[in-house]
Amino acid sequence: MIKYKSVKYIFIFRLLLIIFLPMTILLTILEFYAFNKEFYLIEFDKYNIYKTTKMNKEDISKVADKLISYMKGEINNLNITAKINGITDEVFGQREKQHMIDVQMLFNRGFKLRKISFIVSLLSLFGITFLAQDRKRELFKVLLWAGIIPLVLMIILFILLKINFYKYFTIFHKIFFTNDLWLLNPETDVLIQMLPLGFFIDMCIRILTIFIVILFADVIISYFALNKFLN
(Lines give C-alpha, C1' and ligand atoms only; values in the text may rest on other atoms or scores of the structure.)
Protein backbone atom coordinates (compact mmCIF):
# COMPACT_ATOMS: atom_id res chain seq x y z
CA MET A 1 0.00 0.00 0.00
CA ILE A 2 2.83 2.41 0.85
CA LYS A 3 4.54 1.67 -2.47
CA TYR A 4 1.25 2.19 -4.36
CA LYS A 5 0.76 5.57 -2.68
CA SER A 6 4.32 6.60 -3.56
CA VAL A 7 3.76 5.72 -7.23
CA LYS A 8 0.46 7.60 -7.20
CA TYR A 9 2.01 10.73 -5.68
CA ILE A 10 5.00 10.59 -8.01
CA PHE A 11 2.59 10.51 -10.98
CA ILE A 12 0.78 13.58 -9.63
CA PHE A 13 4.07 15.43 -9.06
CA ARG A 14 5.18 14.52 -12.59
CA LEU A 15 1.99 15.93 -14.07
CA LEU A 16 2.22 19.12 -12.04
CA LEU A 17 5.85 19.66 -13.03
CA ILE A 18 5.14 19.07 -16.73
CA ILE A 19 2.43 21.74 -16.58
CA PHE A 20 3.84 24.35 -14.23
CA LEU A 21 7.60 24.34 -14.87
CA PRO A 22 7.25 25.41 -18.54
CA MET A 23 4.62 27.94 -17.46
CA THR A 24 7.04 29.46 -14.96
CA ILE A 25 9.74 29.79 -17.60
CA LEU A 26 7.39 31.23 -20.24
CA LEU A 27 5.89 33.83 -17.89
CA THR A 28 9.39 34.85 -16.75
CA ILE A 29 10.49 35.46 -20.35
CA LEU A 30 7.25 37.34 -21.05
CA GLU A 31 7.80 39.59 -18.04
CA PHE A 32 11.38 40.30 -19.13
CA TYR A 33 10.32 41.60 -22.53
CA ALA A 34 7.12 43.31 -21.43
CA PHE A 35 9.10 45.45 -18.97
CA ASN A 36 12.32 45.81 -20.96
CA LYS A 37 12.79 49.50 -21.76
CA GLU A 38 15.67 48.80 -24.14
CA PHE A 39 13.46 46.52 -26.22
CA TYR A 40 10.85 49.29 -26.48
CA LEU A 41 13.45 51.82 -27.65
CA ILE A 42 14.79 49.42 -30.28
CA GLU A 43 11.26 48.88 -31.57
CA PHE A 44 10.52 52.62 -31.57
CA ASP A 45 13.52 53.18 -33.83
CA LYS A 46 12.64 50.21 -36.03
CA TYR A 47 9.10 51.42 -36.72
CA ASN A 48 9.92 55.15 -36.63
CA ILE A 49 7.41 55.70 -33.84
CA TYR A 50 8.62 59.27 -33.34
CA LYS A 51 7.24 60.26 -36.73
CA THR A 52 4.00 58.34 -36.24
CA THR A 53 3.25 59.79 -32.78
CA LYS A 54 4.70 63.24 -33.61
CA MET A 55 6.63 63.09 -30.34
CA ASN A 56 10.36 63.52 -29.78
CA LYS A 57 12.59 60.75 -28.39
CA GLU A 58 12.86 62.25 -24.91
CA ASP A 59 9.10 62.56 -24.45
CA ILE A 60 8.25 59.15 -25.86
CA SER A 61 10.96 57.60 -23.67
CA LYS A 62 9.29 59.13 -20.61
CA VAL A 63 5.89 57.88 -21.77
CA ALA A 64 7.36 54.37 -22.15
CA ASP A 65 8.72 54.57 -18.58
CA LYS A 66 5.28 55.49 -17.27
CA LEU A 67 3.61 52.77 -19.33
CA ILE A 68 5.98 50.09 -18.00
CA SER A 69 5.59 51.35 -14.42
CA TYR A 70 1.81 51.25 -14.81
CA MET A 71 1.82 47.66 -16.10
CA LYS A 72 4.03 46.69 -13.15
CA GLY A 73 1.50 48.28 -10.80
CA GLU A 74 3.99 50.87 -9.54
CA ILE A 75 1.72 53.80 -10.48
CA ASN A 76 -2.07 53.86 -10.51
CA ASN A 77 -2.92 56.02 -13.52
CA LEU A 78 -1.79 57.01 -17.01
CA ASN A 79 -2.46 60.73 -16.76
CA ILE A 80 0.54 61.74 -18.84
CA THR A 81 1.13 64.97 -20.77
CA ALA A 82 3.73 65.47 -23.48
CA LYS A 83 4.37 67.57 -26.57
CA ILE A 84 2.52 66.05 -29.52
CA ASN A 85 3.23 67.84 -32.79
CA GLY A 86 4.62 70.73 -30.76
CA ILE A 87 1.54 71.10 -28.54
CA THR A 88 1.45 69.94 -24.91
CA ASP A 89 -1.49 67.58 -24.58
CA GLU A 90 -2.79 64.49 -22.77
CA VAL A 91 -1.06 61.47 -24.33
CA PHE A 92 -3.72 58.82 -23.81
CA GLY A 93 -7.46 59.16 -24.28
CA GLN A 94 -10.12 57.63 -22.04
CA ARG A 95 -10.53 54.51 -24.18
CA GLU A 96 -6.80 53.82 -24.07
CA LYS A 97 -6.71 54.29 -20.29
CA GLN A 98 -9.66 51.95 -19.83
CA HIS A 99 -7.95 49.31 -21.95
CA MET A 100 -4.74 49.64 -19.95
CA ILE A 101 -6.70 49.00 -16.73
CA ASP A 102 -7.57 45.61 -18.22
CA VAL A 103 -3.95 45.09 -19.29
CA GLN A 104 -2.66 45.90 -15.80
CA MET A 105 -5.15 43.46 -14.32
CA LEU A 106 -3.99 40.78 -16.75
CA PHE A 107 -0.37 41.33 -15.76
CA ASN A 108 -1.29 41.14 -12.06
CA ARG A 109 -2.91 37.77 -12.70
CA GLY A 110 0.19 36.73 -14.64
CA PHE A 111 2.41 37.67 -11.67
CA LYS A 112 0.27 35.56 -9.32
CA LEU A 113 0.19 32.65 -11.76
CA ARG A 114 3.98 32.72 -12.13
CA LYS A 115 4.47 32.67 -8.34
CA ILE A 116 2.03 29.79 -7.97
CA SER A 117 3.66 27.94 -10.88
CA PHE A 118 7.12 28.38 -9.36
CA ILE A 119 5.99 27.14 -5.93
CA VAL A 120 4.14 24.14 -7.42
CA SER A 121 7.18 23.28 -9.58
CA LEU A 122 9.51 23.49 -6.60
CA LEU A 123 7.24 21.37 -4.40
CA SER A 124 6.86 18.81 -7.20
CA LEU A 125 10.64 18.54 -7.58
CA PHE A 126 11.03 18.02 -3.83
CA GLY A 127 8.18 15.50 -3.85
CA ILE A 128 9.73 13.44 -6.64
CA THR A 129 13.17 13.63 -5.03
CA PHE A 130 11.75 12.47 -1.69
CA LEU A 131 9.55 9.64 -3.00
CA ALA A 132 11.44 8.20 -5.97
CA GLN A 133 13.83 5.32 -5.44
CA ASP A 134 16.03 6.30 -8.37
CA ARG A 135 15.93 10.07 -7.88
CA LYS A 136 18.23 11.21 -10.67
CA ARG A 137 16.62 9.01 -13.27
CA GLU A 138 13.10 10.06 -12.22
CA LEU A 139 14.00 13.75 -12.23
CA PHE A 140 15.57 13.68 -15.68
CA LYS A 141 12.66 11.62 -17.00
CA VAL A 142 10.10 14.19 -15.86
CA LEU A 143 12.30 17.07 -17.06
CA LEU A 144 12.46 15.38 -20.46
CA TRP A 145 8.67 15.31 -20.76
CA ALA A 146 8.41 18.82 -19.30
CA GLY A 147 10.48 19.85 -22.31
CA ILE A 148 9.08 17.66 -25.09
CA ILE A 149 5.36 18.38 -24.65
CA PRO A 150 5.52 22.22 -24.52
CA LEU A 151 8.28 22.18 -27.18
CA VAL A 152 5.96 20.52 -29.68
CA LEU A 153 3.13 22.90 -28.77
CA MET A 154 5.35 25.98 -29.02
CA ILE A 155 6.75 24.98 -32.42
CA ILE A 156 3.17 24.58 -33.70
CA LEU A 157 2.24 27.97 -32.21
CA PHE A 158 5.36 29.57 -33.69
CA ILE A 159 4.40 28.30 -37.16
CA LEU A 160 0.80 29.48 -36.78
CA LEU A 161 1.91 32.96 -35.71
CA LYS A 162 4.29 33.15 -38.64
CA ILE A 163 1.45 32.27 -41.04
CA ASN A 164 -1.19 34.65 -39.64
CA PHE A 165 -0.19 36.60 -36.54
CA TYR A 166 -3.14 38.99 -36.62
CA LYS A 167 -5.67 36.13 -36.53
CA TYR A 168 -4.24 34.63 -33.34
CA PHE A 169 -3.54 38.06 -31.84
CA THR A 170 -7.26 38.77 -32.23
CA ILE A 171 -8.21 35.40 -30.72
CA PHE A 172 -5.96 36.15 -27.73
CA HIS A 173 -7.74 39.46 -27.09
CA LYS A 174 -11.18 37.92 -27.43
CA ILE A 175 -10.26 35.25 -24.87
CA PHE A 176 -8.59 37.48 -22.28
CA PHE A 177 -10.63 40.70 -22.61
CA THR A 178 -14.38 40.97 -22.06
CA ASN A 179 -14.76 44.18 -24.09
CA ASP A 180 -13.60 45.74 -27.36
CA LEU A 181 -11.50 48.52 -25.81
CA TRP A 182 -8.42 46.92 -27.37
CA LEU A 183 -9.72 47.94 -30.81
CA LEU A 184 -7.98 51.31 -31.07
CA ASN A 185 -7.71 53.81 -33.92
CA PRO A 186 -4.16 54.06 -35.34
CA GLU A 187 -5.00 57.50 -36.73
CA THR A 188 -5.80 59.06 -33.36
CA ASP A 189 -4.77 56.76 -30.49
CA VAL A 190 -1.17 57.18 -29.32
CA LEU A 191 -1.10 53.79 -27.58
CA ILE A 192 -1.46 51.84 -30.82
CA GLN A 193 0.85 54.29 -32.59
CA MET A 194 3.53 53.56 -29.99
CA LEU A 195 2.87 49.82 -29.98
CA PRO A 196 1.88 48.79 -33.53
CA LEU A 197 1.24 45.20 -34.59
CA GLY A 198 4.90 44.81 -35.60
CA PHE A 199 5.94 45.52 -32.00
CA PHE A 200 3.86 42.59 -30.73
CA ILE A 201 5.02 40.34 -33.56
CA ASP A 202 8.65 41.01 -32.66
CA MET A 203 7.99 40.50 -28.95
CA CYS A 204 6.12 37.22 -29.45
CA ILE A 205 8.74 35.85 -31.84
CA ARG A 206 11.54 36.67 -29.39
CA ILE A 207 9.68 35.18 -26.43
CA LEU A 208 8.81 31.98 -28.30
CA THR A 209 12.32 31.65 -29.75
CA ILE A 210 13.99 31.90 -26.34
CA PHE A 211 11.39 29.57 -24.80
CA ILE A 212 11.88 26.99 -27.57
CA VAL A 213 15.69 27.17 -27.18
CA ILE A 214 15.39 26.60 -23.40
CA LEU A 215 12.99 23.69 -23.90
CA PHE A 216 15.23 22.17 -26.58
CA ALA A 217 18.25 22.43 -24.27
CA ASP A 218 16.24 20.78 -21.50
CA VAL A 219 15.25 17.91 -23.80
CA ILE A 220 18.82 17.35 -25.02
CA ILE A 221 20.38 17.47 -21.53
CA SER A 222 17.68 15.23 -20.01
CA TYR A 223 17.89 12.73 -22.88
CA PHE A 224 21.65 12.30 -22.63
CA ALA A 225 21.52 12.21 -18.82
CA LEU A 226 18.92 9.40 -18.98
CA ASN A 227 21.04 7.46 -21.45
CA LYS A 228 23.96 7.78 -19.08
CA PHE A 229 21.98 6.36 -16.16
CA LEU A 230 20.44 3.62 -18.27
CA ASN A 231 23.80 2.36 -19.57
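The values are calculated or read from the model by the stated rules, or taken from the named source; none is laboratory data. None of these values were measured; they are calculated from a predicted model. With ideal geometry, Cβ positions are generated from the backbone for all residues, glycine too; neighbour counts draw on all protein chains shown. Heavy atoms of the whole protein, side chains included, go into the accessibility calculation; ligands, DNA and RNA do not. Shrake-Rupley method; radii C 1.70, N 1.55, O 1.52, S 1.80 Å.
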How far apart, in nanometres, would the label points at residue 15 and residue 205 be if each is projected 7 angstrom from Cα along the Cα-to-Cβ direction?
3.9 nm
For residue 155, what charge total do you get from the other residues with a beta carbon under 15 Å from its beta carbon, if Lys and Arg give +1 and Asp and Glu give -1?
0
Taking Cα atoms only, Rg over Rh for segment 33-128 with Rh from the Kirkwood formula is 1.13
Just the number please: accessible area per residue for the chain, 1.4 Å probe, all protein chains included, in Å².
60 Å²
Cross-link reach list, lysines versus residue 51, counting only Cα pairs under 26 Å and skipping chain neighbours closer than eight places:
37, 62, 66, 83, 97
Out of the total accessible area of segment 146-224 (probe 1.4 Å, heavy atoms of protein only), what percent is carbon and sulfur?
75 percent
Convex hull volume per residue for segment 77-231, taking Cα atoms only, in Å³:
138 Å³
With each pseudo-label sitting 7 Å past Cα toward Cβ, what's the residue 38-residue 223 distance in nm, one decimal?
3.2 nm
Taking springs between alpha-carbon atoms closer than 10 angstrom, which of 142, 213, 103 fluctuates most in the Gaussian network model of the chain?
213
Residue by residue, what Karplus-based ³J(HN,Hα) values in Hz, rounded to whole numbers, does segment 159-176 have, using 6.51, -1.76 and 1.60 with θ = phi - 60° and x for Gly and Pro?
5, 4, 5, 5, 6, 8, 5, 4, 4, 7, 5, 5, 4, 4, 5, 5, 6, 9
Run the numbers on the chain and let me know its relative contact order in percent, using alpha-carbon pairs under 8 Å that are six or more apart.
30 percent
Between residue 155 and residue 175, what is 0.36 nm times their sequence separation minus the Cα-Cα distance? Round to one decimal in nm.
5.1 nm
Describe numerically, in nm with one decimal, the distance between label points set 7 Å from Cα along Cα→Cβ at residue 185 and at residue 90.
1.5 nm
Got a sec? What order do 42, 75 fall in by accessible area at 1.4 Å, biggest, i.e. largest, first?
42, 75
